[in-house]
Amino acid sequence: MTRIVAAGHVDHGKSTIIARLLHDTGSLPDGKVDELQRASASRGVPFEWSFALDALQSERDQAVTVETTQMLLHLPQRDVLLIDAPGHREFLRNMVTGASSADAAMIVVDAAQGVAEQTLRHALFLQLLGITQAIVVVNKMDLAGYAREPFEAIRHEMAERLRSLNVRAGAFVPAVGRDGDNLLTRSSKMSWYDGKTVAEALAELRAPVPQKSAELRVMVQGVLRRGQSRTIVGRVASGVLKEGLDVSLWPSGRTAKIARIERWPDRGGDATVRAGAPVAFAIDEPYYVERGDIVSGTSGGPALVSRLRVRLLWLAGYALRPGQHLRLKVGTRTAHVELLSIERAIDVQTLRERPEGEAAHGDVIDATFRSREVIAVDDFATSPALGRFILLDGTDIVGGGTIQPETIVERTPANVVAVDHLLDRDSRAWRNGHRGAVVWLTGLPASGKSTIAMSVERRLFENGYQVYVLDGDNMRSGLCSDLTFSHSDRSENIRRVAEVAALFADAGFIVIAAFISPYRKDRDDARRAAGERFYEVHVAADVATCERRDPKGHYRKARAGEILNFSGVSDVYEEPEAPELTLDTAAQPLEESVATLLRFVEDTLAISARHGAPA
């Protein structure tokens with residue numbers, strides 16, 4: 001099914017056209033229009049067709065679309081999915097979100113106002129997000145006296161602009177959305193027009209077929225666990241998935257076979273899932289699979305990159321500069337990235353290039369990013385699902401764009417292949433009598449992390465556990481001795497520690513990591529590295545309590561300005577939002593905290609038969 005986003009300047013009538021089309025084609029729920037007419041009368045406001053789409057109360061009050069709305073349109077020829085995207089410049093993030101999953105666009109222009117600045121900006125955004133086909137609806141022709149000349153002037157201007165962006169315009173249609181002129185049937189008021197109606201033009205828009213449509217791409221959204229069985233859930237972005245198929249898992253590069261495809265109810269026969277459909281399946285190997293992984297055929301897999309060039313639209317209110325750390329989301333994978341360079345930034349207001357290395361809100365940017373981890377991507381022509389991305393700062397969308405063939409500048413070498421151990425986790429766990437895990441202690445300086453970690457390590461060792469403590473000071477004297485205490489280096493310190501801890505846990509050890517780790521996103525990355533074996537423990541103590549202890553004199557030095565970026569004094573500490581365990585060391589004695597953590601570890605990680613064998 002073709003997904004079509006409606007775009008254009010605010011108040012040019014996008015929502016009105018969509019709602020009127022939905023009504024005229026019988027696509028609205030029964031009684032919806034009557035309900036809205038009554039609601040409008042009770043509120044003392046004129047009825048607007050756009051009310052059928054505007055889901056937020058604030059939108060009805062302001063007559064402005066804020067969120068994207070998606071609705072199925074039953075055209076006489078076939079069904080399409082319409083996405084109503086905000087036109088107001090303050091809601092560009094939502095407009096980009098709506099367009100990021102679209103196959104084509106309907107651009108709406110007010111016949112009386114003409115081509116607005118925001119209309120041109122939206123056309124540029126659509127091209128930037130990989131949308132190469134569109135129709136243009138010249139709306140509110142009644143305000144232009146139903147005359148041909150204003151329509152032709154807008155058609156000529158938009159045709160030239162879309163041609164310069166390599167966006168193919170399938171049709172230009174004069175219309176009056178409020179009255180339904182030229183939406184579903186031709187209007188007698190514009191007898192000079194003999195082209196397609198809006199419905200006919202929409203029906204001719206088709207979802208682009210990837211150049212390598214036969215190549216399988218499944219985006220993993222999660223894993224469901226029921227006892228010892230695991231079911232992988234996701235969506236087939238391209239190709240065909242079926243039982244018995246040999247597949248590759250990325251970015252690990254491991255191969256497996258599709259053991260079964262879940263169906264409810266199971267009617268037997270050949271289990272096959274095609275592009276665009278959700279899927280739940282199991283593989284015949286006990287590999288660790290997580291959200292963000294990609295499943296492909298054993299040949300023609302995605303590119304594995306840690307450095308890539310992109311073209312993006314920058315939406316944040318602050319300037320973009322090299323060295324900034326963001327998160328890049330491709331498919332269902334979110335990776336931590338650093339901006340290495342800005343090759344070019346164009347001010348969309350003036351269409352002029354900015355000085356080298358600078359970029360501001362609304363700029364179109366060619367840039368190079370480096371990812372902390374290897375990520376699987378495709379160019380947009382190969383796989384739109386893995387060729388588009390969005391940029392996040394925390395949870396805020398700050399940009400989006402496309403990946404093109406020439407932008408992939410660094411691939412993981414083909415001769416680097418993940419090593420499959422002959423021992424699996426279950427075998428190590430039964431030999432040790434416990435599962436491997438990362439127990440991550442986070443808290444302010446002097447909250448008691450290291451003291452608790454060392455005491456628990458000793459008691460677990462005495463009880464026969466394979467256990468080891470990774471401590472901030474010890475790691476800083478060796479593996480991370482080259483790092484400073486800047487924001488970026490503190491994040492890199494935690495990244496290195498997290499990868500080492502995950503390897504220890506994979507070897508069957510219980511790793512107790514005692515680190516301030518002040519930033520949530522860094523701890524989230526550590527959790528990702530260890531997966532289901534990660535347990536976050538908040539060693540909670542307020543700044544006043546920690547400062548009274550101050551065994552190393554660090555708080556005194558931080559207050560005197562001798563230590564910069566000190567958590568709790570001159571830098572933030574972001575407390576865990578949902579830790580597996582909290583130890584309140586300001587309120588309870590040390591021994592009680594040690595005993596609590598010891599019980600937690602043993603209850604969580606010990607297995608029932610300490611010297612048995614795997615089943």
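Whose amide H sits under 5 Å from the amide H of residue 510, counting only residues 5 or more places off or on another chain, with H placed in the peptide plane?
Amide H neighbours of residue 510: 437, 466, 467, 468.
At a threshold of 8 angstrom on Cα-Cα distance, excluding pairs fewer than six apart, so keeping six or more, what relative contact order does the stretch 466-615 reach in percent? Show your work: numbers first, answer last.
On the way: 134 pairs, mean separation 33.0, N = 150.
Computed over the stretch 466-615, the figure is 22 percent.
Output ³J(HN,Hα) for the stretch 532-540: one whole-Hz value per residue in order, computed from phi by the Karplus curve 6.51 cos²θ - 1.76 cosθ + 1.60 with θ = phi - 60°, and x for Gly and Pro.
With coefficients 6.51, -1.76 and 1.60, one gets 5, 8, 9, 10, 8, 10, 8, 8, 8 Hz.
Starting from the exponent 0.38 and prefactor 2.2 Å, build the expected Rg for the stretch 217-297 from its residue count and divide its actual Cα Rg by it.
On the way: Rg = 11.5 Å, N = 81, 2.2 N^0.38 = 11.7 Å.
Expressed relative to 2.2 N^0.38 Å, the Cα Rg reads 0.99.
Given 329/521; 14/140; 140/196; 140/189; 521/552, which pairs have Cα atoms separated by over 19 Å? Show your work: numbers first, answer last.
Values: 329/521 14 Å; 14/140 11 Å; 140/196 17 Å; 140/189 12 Å; 521/552 27 Å.
Correct reply: 521/552.
Could you tell me what a quarter of the Cα convex hull surface of the stretch 249-395 works out to, in nm² with one decimal place? Please report the intermediate quantities before stating the final value.
Values: hull surface 44.3 nm².
Projected area, direction-averaged: 11.1 nm².
Return the Rg/Rh ratio of the stretch 308-411 with Cα-based radii and a Kirkwood Rh. If you can, show how the numbers build up before the last one.
Numbers: Rg = 12.8 Å, Rh = 13.6 Å.
My calculation of the ratio gives 0.94.
Using 10 Å bins from zero, what percent of all Cα-Cα pairs in the stretch 425-605 falls into each bin?
Going from the shortest bin to the longest, the percentages are 10, 39, 37, 13, 2, 0.
Throughout, read-outs are computed from the coordinates displayed, never taken from laboratory work. Quantities reported herein were computed from a predicted structural model and do not represent experimental measurements.
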